[in-house]
Structures are given as structure tokens and as C-alpha cells.
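Since the structure comes first, as C-alpha cells, the remarks are kept for the end.
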Amino acid sequence: MWWEEQRVESNEPYAAEPNLCDTFPRDLGENAGWSSLLAVERSELTRGAVCGLPPGGSDFSTTPLQQWLEPGLVESIANGKTTPADDQGWQVPAGLPYLVLLNRFGDPVTYPMGTDGELYVPDVIGSTQVWQPSAEVADRWSTVLEDFRTTPFVPYRDECRDYDPATLTGDLAQIKDGVACVGDYAVPELGPELDAQFAADVASRFNAEATTPTFFQWNSANYLVLRDVNGEFEHLYWDGTDPASLIDEAGERAWRVPDDVRAELESYGFDFTPE
């Protein structure tokens, strides 16, 4: 309340150019950008910067870049048309750029960016809107993004989202391909599609060598989605231990992962570090 009263009396805009991008997240639990204690309306935005990794950045340790936006782009974001976000809300893959925008008093708000350069804008009632550049600013927006990495290290895959366990009826003896589902902050060398022969070999060896587990747990950030020749799926999870085992969805069978398979899974982004 006191801040609001003070600002009614003040005509001095905030003119400093602070470092807005030193909070680039590199692991779970870290947040992107800055947010004010006061509400920052989109229509009030006057300045802002893009924060992100350089185009050649190969992991999250790269020093993030900050690029101030030209006034015309800020105006387009502040006043441009938005549309409601889809069911996925504003959840975007880790590692993409984000915007930190300021009002005339320097209050910040952060807008995440999606894989197509769209911005996810929370509104006052808690829902999320999507801003996309208009035809008038699309080229300038694309030019800005050329200076940043806009490809996620781990793209979201439909196979790694919600599923019904009752549909996991795949035949491990007839696996033809699969996908590695790994943590948001993994930096895989391969994937997410599995080499077809590797997928078949893992399924076959699990089928032949798995035994009854001594306990049942599985890590939902490190698992395989395997598909058989009939299009049916099966999941194999890391059980969260080291030495590592893979365990099936029902927790009925577990297979100690051989060193060569473990190394291959790590190249797909599996992290076998117990929590």
C-alpha cells in the first residue's frame, strides 16, 4: 500500500539496466527470472530483456546471455493479442529462453518462452495466456531469437506424459522401438528415440533375466517406453538404487542393469544418482 501511494506521487521512471539473467535455472528447484511482490500488468510493461543460453551452448553451465529488447517489441508484448493456453499450460522444456520485463517503476515479471518462440503470460486470475508475435514484428522477433539456443536439451514427448497403466500390455519379446524419458535437466548425447536394436535387446534381456524384486519403487524421471510390433507399450523404470536395476510398471520383476547397458542408458540422459 505504501509503495502504491509513493508511486502515485513519483514521476521518475526506473532507468537502470540491471542484470536480469543471473537466475538462469540449471537444476530442479531453481526458478527462472524475477517477479515483483506487486502485481505487474502486461499493459504496464515498458522495458525488458531476453535471457537464455547461446546457440552453441551444450549444457546448462554455459553463461547465460541477456539482450535488451527494442521498444517496439516490448510494446507488442504489452499490447498484443493473446490466446488461452492449451491443457499443458505454460510448462515448457528446461533450457529455453525466457523474458524478464519491467514496468516504469522497475517491477519485474517473467514470461517463459515455448519451443516456437511464443510467450506464456500468467494473468491476474491465475490462468495462462499465449502471446505470439504479430506479422508486423515477427521478423524482428526471429532476429532476436537467433542469438539464443531455442532447442531444448530434452524435448517433451507424448509417450512420457500421462498414461493409463491398464494400457501397458506390450510384449517384451516383440519390442521394435522405444523412447527414453529422462529428467528436465538432463543433457543427453542420444535420443530421445532409442536405437531399435538396443530397445529390443534391453527388453529381451529383461524378459529373460529379471527376477522378483526385493522391494518396489521406481524413478519416474528415468524410464523407458517400449513399443512392440503390435503398437502396444510397456514401461521399464530405474528403481532409484545404485547398483541400478530396471523394474516393470507393476513392480513384479527387476533386472540388475549390466555395465554396458548402463553406459548406453546414460548416453540417453539417464541419471543413476540415488536421491
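Worth pointing out:
- Yes/no for residue 142 being farther than 28 Å from residue 62 by Cα and hydroxyl-bearing (Ser, Thr, Tyr): no
- Residues of region 47-63 satisfying the condition of being of a type outside the set (A, V, I, L, M, F, W, C) and touching a Pro at 6+ places or on another chain (Cβ under 7 Å): 52, 62
- Single residue of region 141-159 satisfying the filter (outside any loop (DSSP other than H, G, I, E, B) and among the aliphatic types (A, V, I, L, M)) that is farthest from residue 249 (Cα to Cα): 144
- When 158, 147, 171 are checked against the criterion of being of a type outside the set (A, V, I, L, M), free of Cβ contacts under 8 Å to residues at least 40 places away in the same chain and either out of contact with any Cys (no Cβ under 7 Å at 6 or more places or on another chain) or surrounded by fewer than 16 Cβ atoms within 10 Å (Cβ to Cβ) (or both), a single residue qualifies: 158.
- Test: residue in region 236-252 that is assigned to a strand (DSSP E or B), within 24 Å of the chain's Cα centre (by Cα) and among the acidic types (Asp, Glu): no
- Only one of 177, 162 that is assigned by TED's automatic domain parsing to the domain that holds residue 234, acidic (Asp, Glu) and in a loop (DSSP other than H, G, I, E, B): 162
- Contacts under 8 angstrom Cβ, first residue in region 37-48 being free of Cβ contacts under 8 Å to residues at least 40 places away in the same chain, partner aliphatic (A, V, I, L, M) and assigned to a helix (DSSP H, G or I), 6 or more apart: 43/78
- Residues that are under 24 Å from residue 19 (Cβ atoms) and either loosely packed, with under 14 Cβ neighbours inside 10 Å or in contact with a helix residue (DSSP H, G or I) (Cβ under 8 Å, 6 or more places away or on another chain) (or both), drawn from region 69-81: 69, 70, 71, 72, 73, 77, 78
The values are calculated or read from the model by the stated rules, or taken from the named source; none is laboratory data. Just so we're clear, the structure is a prediction, and the values are computed from it rather than from any experiment. For neighbour counting, all protein chains shown are included, and Cβ atoms are generated from backbone atoms with ideal geometry for every residue, glycine included.
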